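Below is one structure, written out as structure tokens, with a few remarks after it.
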Amino acid sequence: MNRSNHSFSFLGQFFRHAAEGLAGLGNALFFLGSVIKNIARGKIRFGEVIKQINEQGMQSVVVIALTSLASGVVLALQGYVTMSRFGAKEKVASLVALSLVRELGPVFSSLVFSGKAGARMTAELGAMNVNNQITATRVMGVDPIEFLVVPRMVACFLVLPILVVFSEVIGIMGGYLIGVTDANMPGAFYINQTLRSLDYVDFFSGFIKTFFFAILISWTCCYQGFMTTGGSLGVGKYTTKAVALAYILVVVSNTILTKIILTFWG
Amino acid sequence: MINISGLYKSFSHQEVLKDINLDIAQGEILAILGESGAGKSVLLQHLIGLLKPDKGMIKIQEKDISLFKEKDWLSLRKKIGYLFQDGALYDFMTVFENVAFPLKEHTKLSDEVISAKVEEVLKTVDLQNVEEKYPSELSGGMRKRAALARAVILDSGFLFCDEPTSGLDPIRSREIMDLIKNISRKFNTTTVITSHDMKNSFRIADKLAIIRDGELVAKGTAQELKFINDVFVKEFLK
Ligand SMILES: Nc1ncnc2c1ncn2[C@@H]1O[C@H](COP(=O)(O)OP(=O)(O)O)[C@@H](O)[C@H]1O
Ligand SMILES: [Mg+2]
């Protein structure tokens, strides 16, 4: 008796969570719809966009640089060891460049960006929500989506791709450092190898994904900010939730996008 | 001019407002009084479209706002100043930018004219030399006054204040209520205040309305209320 009750309540809970999840997705889509409607009508505050580009870029640029420098260094170190086994150590430059440009640059930068700029979006909007500033915006006859969300999302769409290209350049520089010191390659040779191995398809197959990541990150983080309730505790809770969701969305969408891109562009 | 008739509102199974009927005349100050949880804020939120009635009608200047969509509201709200309990100033803007915000959004005035207007309103609410400060650098009373300045800067005609004295000491409470009265007269606004601050409300309001458990139990001038023969009202007014 007790057991069936348990399983019943478990099922009930499962369905309730599923229903809540669906309703949440509906609301999130509606939210994105209002953003797109504003953008389509040209309601973009360029001053705010510039301010946001500055904030989001400044906030994540150092950590992104560090991450990609380290990735480039590690790729080159590991690459040198493994490629040596196949007697192809001069291919290290290609390995570093291709890995960074096709995959690691876009994904790592987007993850770091979620943790810095994304978290900030949620925390800022969440704090504004719990202090009634978002309601106050509506009450003053201003659409809060247009005033607060559109600039953040547009800025993210513009700044993340720039950060990704920057991270790829830094990562390749990291590889170069190892190539010329550890592996004793002539600098000109390393650069030449890098440029020769990179096709525009390699670059764009990674770069295109960045725009999807930008939309997913800024959408999730702004939406969670707008959903925030429960005072300062709530701000912490929703910010963590937003970053975790952004990570999952980046990683999962990356596998799907990679499959699609490789199918057409392999 | 605001007319509320037969207004009902429930949240899930809780009836929060029951058959509210209330007329508020042009230029009048009305205080809605009641214990915490009585439904005062819910009533006020109906007047700016943050909540929709389940039943009943609300007219503002002869327009039935219960039929309004968010788009209609965005334009009507330019005519309404709303003072939030905690001020709800933007914390990423200075006091000046906060007070100037409605003018920048809804008028085409030049920067000089906006500056002059902001300065004048800040003087009216007795806030000086704080234009460049951020809300977090102000005291609670100063934040309320800055928020009040923002609420009336468009010369809106309506001023709604939710618990303007909450969180303030008796002296600041008295000051902010007097200020609301002065501002209402100066800008000739139709003003609605929710409060549980009996003394100050009686001092500044033209009319008072008492809500208990979502029902309007008494309304009238301070004089009229003293003659109402209802146990709750008498207890409440003591
Ligand atoms: N958005 C809401 N959802 C559900 N219940 C609410 C909501 N807003 C207010 N209530 C409930 O309505 C009742 C009246 O609240 P309120 O108008 O805020 O009281 P007060 O008179 O103190 O301002 C309270 O019991 C409150 O819990
Ligand atoms: Mg209240």
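Quick notes on this one:
- A prolate overall shape is assigned to segment B:1-125, the ratio a/c of its alpha-carbon gyration tensor axes (a ≥ b ≥ c) being 1.5 or greater and a/b exceeding b/c.
- Proximal lysines to A:Lys241, defined as alpha-carbon separation beneath 20 angstrom and excluding residues fewer than eight positions away on the same chain: A:Lys116
- Computed over chain B, the per-residue total of -39500 (n - 2.57) for DSSP H runs of n ≥ 4 gives a 222 nm mean residue ellipticity of -11500 deg cm²/dmol, rounded to 500.
- Burial here means at least 40 square angstrom less accessible surface with every protein chain in place than with the chain by itself, probed at 1.4 Å; in segment B:28-76 the buried residues are B:Leu50, B:Leu74.
- Exposure of A:Leu262 as accessible area (Å², to 10), given a probe of 1.4 Å and all protein chains: 80
- Per principal axis, descending, Cα span of segment B:116-236 in whole Å: 52, 27, 23
- Residue by residue along A:227-237, Cβ atoms of other protein chains within 10 Å of the local Cβ number 0 on average.
- Mean projected area in nm² (Cα convex hull; one quarter of hull surface) for chain B: 13.2
- For segment B:166-238, the relative contact order is 19 percent, taking Cα pairs closer than 8 Å that sit 6 or more residues apart in sequence and dividing their mean separation by the residue count.
- Å² per residue, accessible surface of the protein assembly as shown at 1.4 Å: 48
- Burial ranking of peptide ranges B:42-48, B:55-61 (average Cβ count within 10 Å, highest at the top): B:42-48, B:55-61
- Using a Gaussian network model of chain A in which every pair of alpha carbons under 10 angstrom is joined by a spring, one finds that among A:Gly174, A:Gly236, A:Gly24 the greatest mean-square fluctuation is at A:Gly24.
- The share of accessible area on the protein assembly as shown that comes from carbon and sulfur is 61 percent, using a 1.4 angstrom probe.
- Cα gyration tensor shape for segment A:46-264, rounded if a/c is under 1.5, else prolate or oblate: prolate
- Using alpha-carbon coordinates, inclination of helix A:2-40 to the longest axis of chain A, degrees: 80
- Rounded to the nearest whole Hz, the Karplus-based 3J(HN,Hα) values (6.51 cos²θ - 1.76 cosθ + 1.60, θ = phi - 60°) of segment B:226-237 follow the sequence 5, 9, 6, 9, 10, 4, 4, 4, 4, 4, 5, 7, with x at glycine and proline.
- Simple rule: put +1 on each Lys or Arg Cβ and -1 on each Asp or Glu Cβ in the protein assembly as shown, find the dipole, and look at A:Gly126, B:Leu237, A:Ala97; the Cα lying farthest toward the positive end is A:Ala97.
- Rough spin-label spacing in nm, given labels placed 7 Å along Cα→Cβ, for B:Ser12 and A:Ala18: 2.3
- For the segment B:80-89, counting C-beta atoms of other chains within 10 Å of every residue's C-beta and taking the mean gives 4.
- With 19 Å as the limit on Cα-Cα distance, the pairs of B:Lys59/B:Lys144; A:Lys43/B:Lys79; B:Lys104/B:Lys186; B:Lys9/B:Lys55 that go past it are B:Lys59/B:Lys144; A:Lys43/B:Lys79; B:Lys104/B:Lys186.
- Amide H contacts under 5 Å for B:Ala218, placed H, 5+ residues apart: B:Ile210
- Selected from B:Ile2, A:Gln78, A:Leu111, residue furthest toward positive end of dipole (the protein assembly as shown; charges at beta carbon): A:Gln78
- Relative contact order of chain A, taken over Cα pairs closer than 8 Å and 6 or more residues apart, is 29 percent.
- Of the residues in segment A:105-149, those shielded by at least 50 Å² of accessible area once partner protein chains are present, compared with the chain alone at a 1.4 Å probe, are A:Gln133, A:Arg138, A:Val139, A:Met140, A:Gly141, A:Phe147.
- Computed with every protein chain present, the accessible area of A:Phe10 is close to 140 Å² [probe 1.4 Å].
- Magnitude of the charge dipole for segment A:46-264, about its Cα centre and with charges confined to Cβ atoms of Lys, Arg (+1) and Asp, Glu (-1), is about 360 debye.
- Using distinct alpha-carbon pairs, which all enter the 1/r mean, Kirkwood radius of segment A:43-156 in Å: 16.7
- Overall form of segment B:20-94 per C-alpha gyration tensor (a/c, 1.5; a/b vs b/c): oblate
- Per-selection metrics, segment A:143-266 (Cα): Rg and Dmax in Å: 19.2, 60
- Among B:Val113, B:Val95, B:Val121, residue whose mean-square fluctuation peaks in a GNM of chain B (springs only between Cα atoms under 10 Å): B:Val113
- Largest mean-square fluctuation among B:Ala209, B:Ala38, B:Ala116, in a Gaussian network model of chain B whose springs join Cα atoms under 10 Å apart, belongs to B:Ala116.
- For the pair B and A, total buried accessible area rounded to nearest 100 Å², probe 1.4 Å: 1700
- Lys/Arg +1, Asp/Glu -1 at C-beta; chain A dipole; positive extreme among A:Tyr247, A:Phe10, A:Gly42: A:Phe10
- For the protein assembly as shown, the Kirkwood hydrodynamic radius comes to 26.5 Å, computed from all pairs of different C-alpha atoms.
The values are calculated or read from the model by the stated rules, or taken from the named source; none is laboratory data. Bear in mind the structure is a predicted one, so any value in this text is a computation, not a measurement. Positions of Cβ are generated from backbone atoms using ideal geometry, with glycine treated the same way; all protein chains shown enter the neighbour counts. Ligands, DNA and RNA are excluded from the accessible area calculation, which covers all protein heavy atoms including side chains. Shrake-Rupley method; radii C 1.70, N 1.55, O 1.52, S 1.80 Å.
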